[in-house]
Every structure is written in C-alpha cells, then in structure tokens.
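**Q** Got a structure for you, questions after.
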Amino acid sequence: MNLEDRIKQAMVDVYDFPSPGIVFKDITPLFQDPALLNDLVEAMAEACKNERIDAIVGLESRGFLLAVPLSMKMNVPFIMIRKEGKLPRECHSISYDLEYGSSTIEMHKDALKPGSRVLIHDDVLATGGTAEAAAKLVLQAGAEVAMFQFIVELSFLKGMERMLPYSPCVTTFARF
Ligand code: AMP
C-alpha cells in the first residue's frame, strides 16, 4: 500500500466534532504505528531535499508532533508557534478570522534569524487561515517561507490557494 493509503487507513473520521456538521480528521491512530510514522517523516524529509531549509516551524499543538522529528532528522532548529499567552518571552503576534470569531497566534521574537528559510508544518490544511497567519508571523520576523507541509489536506476547502502567495512549494501526504 502506498503512503497516502496507509495514512488514510489509519485515520478516523469523527462526525459532528467539535460541532455539528464538522467531520473531524482524527490523526491520533497514526501515532500508534511507529513504522508508518517513520515512513511519513522520511517522506517529509525527502520532499524538501532540494530546498534550503534553516528552521522548521510547528503549529500548536498537533503540528508539533512531526515538526520535532523532522527537525531532528534535518538537523535544523524547531520553533513553535503557539496560541496567545503561552510563550513566556517577547513575541510577534497576529490575529486572524475563524469561521466564528477570531484567534491570535504568537512566536518568540528571537526564534528566527532574519533571512532564514522556514518550513511551516501542521497536521491538517483546512481553510488555510491558521497556516496563512503563521506565514505572516514568519515574514514579520524577517524570515522567508520556503515551503509548507501538512499530513492531510481537505482540498474542498481550498486552503492551498491561500498558501501559494507565500510559497509555491506545498506538500500534503493524504488528500480528501
Ligand atoms: P484552518 O485554519 O481552517 O486551515 O484549520 C487548520 C487547523 O484546524 C489545523 O491546526 C487543524 O488541526 C484543525 N482542523 C481544521 N479542520 C479540521 C478537521 N476537519 N479535522 C481535523 N482538524 C481540523
């Protein structure tokens, strides 16, 4: 079975979570299959072998899970983007709209060196609002978005279109 089918087979659709009408893509079973995880992290590293990547940025919280092993494999720093009020030192900060209401995410001001080329990783690309806000934080820090990587893409929500102005290089490993 190819990697995409293995990921899809491991994931579970949870209907009406966290609210009615939403089909939540539960990735937690992937983490019970070390061989699959290992192959996925290998594929993530392979997908950026022709890019210069100076740092991996992971989005709270499920985006942290594979951003860390990828950063270790690529021997580059891992940097966390967290929800407002969680990081203890001076931060770049950005607010963005959600379907209902808004959210704010932050990154330490000294986390990225200006000019560094960054890979942004999260578990699921849905509308793209979160990853777009993360890209804006990376730009605020004077760094560049080299590429995005997501485990899962919900292509019917067209989040990909919001990524492309920041980087033409967007890799997703299982598409719905
Ligand atoms: P968005 O900003 O709409 O692209 O949403 C991305 C964030 O929300 C990611 O961090 C995902 O973890 C989470 N998310 C959004 N929709 C879903 C879904 N249907 N299943 C699982 N996670 C989701």
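The values are calculated or read from the model by the stated rules, or taken from the named source; none is laboratory data. Here the structure is a predicted model, which is why all the values come from computation and not from measurement. Note that each Cβ is placed from the backbone with ideal geometry, even for glycine, and that neighbours are counted across all protein chains shown. Only protein heavy atoms, including side chains, enter the accessible area calculation; ligands, DNA and RNA are left aside. Shrake-Rupley method; radii C 1.70, N 1.55, O 1.52, S 1.80 Å.
**Q** Out of (1) open to solvent by less than 60 Å² (accessible area, probe 1.4 Å); (2) under 23 Å from residue 146 (Cα atoms), the odd one out for residue 25 is which?
**A** Unmet for residue 25, out of (1) open to solvent by less than 60 Å² (accessible area, probe 1.4 Å); (2) under 23 Å from residue 146 (Cα atoms): (2).
**Q** Testing residue 54 on (1) closer than 25 Å to residue 127 by Cβ; (2) open to solvent by 40 Å² or more (accessible area, probe 1.4 Å), one condition comes back false. Which one is that?
**A** (1)
**Q** Condition first: among the aliphatic types (A, V, I, L, M) and within 16 Å of the ligand (Cβ to nearest atom). Now tell me which residues in the stretch 80-118 satisfy that.
**A** Selection gives 80, 81, 94, 98, 105, 107.
**Q** Would you confirm, using the coordinates I've provided, whether residue 14 is assigned to a strand (DSSP E or B) and either charged (D, E, K, R) or within 11 Å of the ligand (Cβ to nearest atom) (or both)? Talk me through it step by step, then tell me what you get.
**A** On the way: assigned to a strand (DSSP E or B): yes; either charged (D, E, K, R) or within 11 Å of the ligand (Cβ to nearest atom) (or both): yes.
It is true that residue 14 is assigned to a strand (DSSP E or B) and either charged (D, E, K, R) or within 11 Å of the ligand (Cβ to nearest atom) (or both).
**Q** Okay, next question. So in the stretch 1-22, with the set limited to residues that are touching a helix residue (DSSP H, G or I) at 6+ places or on another chain (Cβ under 9 Å) and touching a residue at least 24 places away in the same chain (Cβ under 8 Å), which one is surrounded by the most Cβ atoms within 10 Å (Cβ to Cβ)?
**A** Selected residue: 7.
**Q** Same structure again: So for the stretch 132-155 (the condition being within 15 Å of the ligand (Cβ to nearest atom), more than 14 Å from the chain's Cα centre (by Cα), within 16 Å of residue 25 (Cα to Cα) and open to solvent by 10 Å² or more (accessible area, probe 1.4 Å)), does at least one residue qualify?
**A** Yes: one or more hits.
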